[in-house]
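A.B. asks: Take a look at the following structure, please.
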Amino acid sequence: MKNRQLLFLRDTLVYTFTTFGGPQAHVAILLREFVEKRGYITESELMELSALSQILPGPSSTQTLIGVAWKVGGLRLALLSFLIWVLPSAAIMCAAAISYKTFASTGKIDSVLHFIKPVAVGIVAYAAVTFAQKFIKSRVSAYLATGSLVATLILQNPYAFPLLILLGGIISSALETQPTEDAIRVKLFSNVNPKKVGYFIGILLFFAALGALINRTSPFSLPIRLFENFYRNGILIFGGGQVLVPLMYTEFVELKHYLTNAEFLSGYALQQAIPGPTFSFTSFVGAITLGNQGYGLTGQIVGSIVAVIGVNLPGLILILFIIPFWEDLKKITRIKNSLSGINAVAVGFMATALILLVAPFGTDWMSYLIMADAFCLLYFTRIKAPVVIIIGIVLGLMF
């Protein structure tokens, strides 16, 4: 058993350094390497864990891997696998943030950014379109996506996001749960262990109380405010890193001005070019934020750590607490039916981010052309985002 767990950790390390793309690509690799090749779990178990991670807030790829590790070796293996998966890419992004100013001072970054920024926006456009094609399948979901787009453009407030996510889930759950399903749900719910469900609700209430406490003390320290920002995003993000990026752009760039548009897009482009979880982008954002506020090298490292812990902590705790009694919770039909509305609202968020990201292009037709080229390469060919980013960097260095 111990040898099997060591083999699992080795496979996780290989997985960490060879996995690009979003949750869909990550699940495909898990299926090939962890199910078909090693047989750690069955295909149905993997698909169920993937579905669970989509229902829960937090980093879906990370939660799926943690769930697999928990089934193989329990809590200890799950935590070790989490560290192996998260730390390398987070360290790379932190180092990139620390060296960003030095690289910027050489003057070459302006020409590189002229290509990289529209390429990054093209990647966001690709994510928005593919999400829309996957989740906008009914009139209700189209209305929810449009409503969230309009609401976020008008409100421009980070606290609008959780309210819209909640409303989307409630509306889709109410409209998509049929009376017969509801009766079955009541019957099944009678078999659910009330202590387990009470424990689950208690965990969620603990999250809410801790977030309120942090927010109440936040005016006294930027690192604490930063932790609250990432913690709040971590507990409210459904759908993985593609949804996290538009929310962070609105809050950190448009509203709080912690980063510039160029810094944000540079970090996002770099993250797309390296393996590992999309949530590692937060490491760059946290480090740049404290660096811009004059906290120095130590402050940047602290910002990176605060960001990574804050955004991953809610999803990590939720998946570890829910896996042991997921068999009970998955019987509740309304929980599953809320996902379509949540995803539809997320599509609206992504469309909002796309509009805000395109706005600075102004009349620069070259940026629009590069963005369109990046989108077409991703949408119509099998070329992946890392290759598109590298092409942008090479063109920037050449011209």
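Values quoted throughout were computed directly from the atomic coordinates according to the rules given, and no laboratory measurement underlies them. Values in this document were obtained by computation on a predicted structure and should not be read as measured data. For neighbour counting, all protein chains shown are included, and Cβ atoms are generated from backbone atoms with ideal geometry for every residue, glycine included.
A.B. asks: What percent do you get for the relative contact order of the stretch 239-317 when only Cα pairs under 8 Å and 6+ apart count? Intermediate results must be reported in sequence, preceding the final value.
C.D. replies: Values: 70 pairs, mean separation 19.7, N = 79.
That works out to 25 percent.
A.B. asks: Which pairs break 29 Å Cα to Cα here: 117/256; 71/137; 2/37; 134/256? Don't skip to the answer; put the middle values down first.
C.D. replies: Working: 117/256 20 Å; 71/137 34 Å; 2/37 19 Å; 134/256 32 Å.
Correct reply: 71/137; 134/256.
A.B. asks: Take each of the peptides 306-317, 31-42, 387-398, average the number of other beta-carbon atoms within 10 Å over its residues, and list them starting from the highest.
C.D. replies: By packing density, highest mean first, the sequence is 306-317, 387-398, 31-42.
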